[in-house]
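So the structure is just underneath, and the comments pick up after that.
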Amino acid sequence: MTGPRLLMFHELARYYDLFLEEKDYRSEADRLVTLARQLGPPHARRWLDVGCGTGRHLEFLRRRYTVVGLDASPSMLRIAHRRLPGVRLVRADMRRFHLRESFDVITCLFGAIGHIGSPREIRAVLRNFAHHLRPGGLVIVEPWIEPAEFRAGMLHRMSQQAPDTIVVRLTYSTRKGRHSVLTSHYLVAERGQGIVHRVETDGSGLLLSRAELSSIMEESGLHPRFVARGLRPGHGLLIGVRKPSGA
C-alpha cells in the first residue's frame with residue numbers, strides 16, 4: 001500500500017488478516033492467473049504485486065511464477081516476510097520505485113491506486129509500471145470507487161473474532177470535492193489486554209472515473225481495457241498492456 005499512514009496498514013497491521021479472514025485469496029489469485037494467460041505475454045514467468053500488503057495473493061501466485069512484492073508499510077511487510085520466506089519483498093513508494101528488472105505481469109489491487117492523491121501522481125505510478133514491464137506485459141489494476149457509484153452517508157461494518165481477539169471497524173462515508181472521506185472507528189479487544197478504541201479520517205481516496213483512468217493508462221504507454229468480472233462482485237479490473245517501443 002502507498003499513501004497516507006493509515007491505522008490498518010501500520011499500527012493495526014497485525015490484525016489486518018483477521019479483518020479480511022473471509023476474503024478468498026486463492027480464488028482471486030486463480031482469476032488473476034486466468035487473465036494473465038488470456039491477455040498477457042505467452043510463457044510469462046515474473047510477477048510483481050504492488051501494494052502487496054501481508055502477501056496473501058503472493059502466497060498463491062508464487063506457486064506458478066517468480067514473484068516480487070512491494071509495499072510502503074514496514075508493518076505489513078514484516079508479516080509478509082514471515083509468510084513468504086525466500087520471496088523478495090521491497091519497501092518502496094509505488095510512484096518512485098526502481099527495481100532494475102522487468103516483469104511480465106504487475107498487479108495493483110484492492111483500490112490501492114486510488115489512495116495516492118491526484119491524477120498527476122497516478123500518471124507517475126502507471127508510467128513507472130510501464131517502465132517495469134516487458135513489451136506485451138500486463139498491468140492489472142483494481143480501481144478505487146467510480147465517482148457515480150460513491151454514496152456519501154453510507155455505513156459499513158467489518159468485524160471478526162478469533163479465540164482471544166475481537167476486531168471491529170465502523171466506517172461512515174462523506175465526500176470532499178473529488179475525494180471520498182472515510183471516518184472509521186476501530187475497536188480491538190484482546191483477552192487480558194482490554195479494549196482499544198482508535199479513530200481516523202481518510203480523505204485520500206481519489207474518485208477517478210474508469211474513463212479517466214483508462215486515458216491516463218493510454219498516456220502512460222499502456223493499451224487499456226476494462227474487464228467487468230473482477231475479483232469482487234461489482235468491482236471490475238482495468239487491464240493495461242505495454243505498447244511496443246515507439247508506439
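Things worth noting here:
- Pairs, first in contact (Cβ under 8 Å) with a residue 40 or more places away in the chain in segment 26-54, second among the β-branched types (Val, Ile, Thr) and assigned to a loop (DSSP other than H, G, I, E, B), C-beta under 9 Å, six or more apart: Val50/Thr2; Gly51/Thr2
- Tallying residues that are at pLDDT 95 or above, farther than 24 Å from His179 by Cβ and not in a strand (DSSP E or B) within segment 193-217 yields 0.
- Just one of the listed residues (Thr2, Thr34) is at pLDDT below 95, over 21 Å from Thr165 (Cα atoms) and of a type in the set (S, T, N, Q), and it is Thr2.
- Residue within segment 113-135 that is over 26 Å from Arg56 (Cα atoms), free of Cβ contacts under 8 Å to residues at least 60 places away in the same chain and assigned to a loop (DSSP other than H, G, I, E, B) present: no
- Some residue of segment 64-82 being of a type in the set (D, E, K, R), buried (at least 18 other Cβ atoms within 10 Å of the Cβ), within 11 Å of Cys52 (Cα to Cα) and at pLDDT 95 or above: yes
- The criterion of at least 3 residues that are of a type outside the set (Val, Ile, Thr) and more than 24 Å from Arg198 (Cα to Cα) is met by the following helices (runs of 4 or more DSSP H) wholly inside segment 6-85: 25-39, 56-61, 74-83.
- Glu21 vs. criteria surrounded by fewer than 18 Cβ atoms within 10 Å (Cβ to Cβ) and modelled with pLDDT under 95: yes
- For segment 166-208, the set of residues classified as surrounded by 14 or more Cβ atoms within 10 Å (Cβ to Cβ), among the small types (Gly, Ala, Ser) and out of contact with any Ser or Thr (no Cβ under 8 Å at 6 or more places or on another chain) consists of Ser204 only.
- Residue identified as assigned by TED's automatic domain parsing to the domain that holds His223 and more than 20 Å from Tyr186 (Cβ to Cβ) among Leu20, Leu32: Leu32
- Members of segment 83-136 that are of a type in the set (S, T, N, Q), surrounded by fewer than 23 Cβ atoms within 10 Å (Cβ to Cβ) and at pLDDT 95 or above: Ser102, Asn128
The values are calculated or read from the model by the stated rules, or taken from the named source; none is laboratory data. Quick caveat: nothing in here was measured; it's all calculated off a predicted structure. Cβ atoms come from the backbone with ideal geometry, glycine included; neighbour counts cover every protein chain shown.
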